[in-house]
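Chemist: This is the structure, below, for whatever I ask next.
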Amino acid sequence: MFFRKKFQITFPTLIFAIQLGSIAQLVQSICLTSRGSAVRARVLPQKPRTNGEVFLFMTYHTYILYSVQRDRYYIGSTGDNLEERLRRHNTNHKGFTGTANDWTYFHFEEFTSKEEAVKREKEIKAIKSRKYIESLKK
């Protein structure tokens with residue numbers, strides 16, 4: 001007889017998910033293929049949680065990086081943690097920022113929605129002016 005292995009969620013993972021109030025997301029993010037192996041599926045975005053009367057919302061950023069090595073600026077936007085995003089820019093990868101590993105934050109702005117952050121990123125890119133970018137620092 002052949003028995004299929006059941007996918008088990010470890011107890012600490014389950015407790016952590018319950019503490020975050022995202023057990024439904026944990027269940028939705030783990031699926032079994034027809035052969036019984038576990039795969040991760042896309043997780044639905046979380047709704048803002050409340051902490052008493054205060055709503056906790058995700059912040060989005062439009063940022064400008066500068067590389068001394070390339071003497072260039074990079075303009076982007078993200079919903080990720082800024083330190084983590086900078087670390088990924090400084091890794092060796094294909095793309096504009098992958099050729100140098102000395103990128104530093106030159107300027108950043110915080111927004112409450114992704115649409116606002118992307119709109120501001122496009123505004124800065126549309127101006128296409130090094131002088132304008134450098135004036136943002138002041």
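Chemist: Given a Förster radius of 22 Å and the C-beta distance between M58 and E123 as r, what FRET efficiency does 1/(1 + (r/R0)^6) yield to the nearest 0.05? Intermediate values should be presented prior to the final figure.
Modeler: Details: r = 21 Å, r/R0 = 0.97.
Working from the Cβ atoms, E equals 0.55.
Chemist: Then there is this: Could the peptides 77-89, 119-131 be put in order, highest first, of the mean number of other beta-carbon atoms found within 10 Å of their residues?
Modeler: On the way: 77-89: 14.8, 119-131: 12.5.
Going by the mean number of other Cβ atoms within 10 Å, highest first, we get 77-89, 119-131.
Chemist: Please rank Y105, Y132, fewest neighbouring Cβ atoms within 10 Å first, as an exposure proxy. Spell out each step's value before the answer.
Modeler: Values: Y105 15, Y132 10.
Ordered from fewest to most neighbouring Cβ atoms within 10 Å, Y105, Y132 come out as Y132, Y105.
Just so you know, all these numbers are worked out from the coordinates, no wet-lab data involved. Computed from a predicted structure; not experimentally measured. For neighbour counting, all protein chains shown are included, and Cβ atoms are generated from backbone atoms with ideal geometry for every residue, glycine included.
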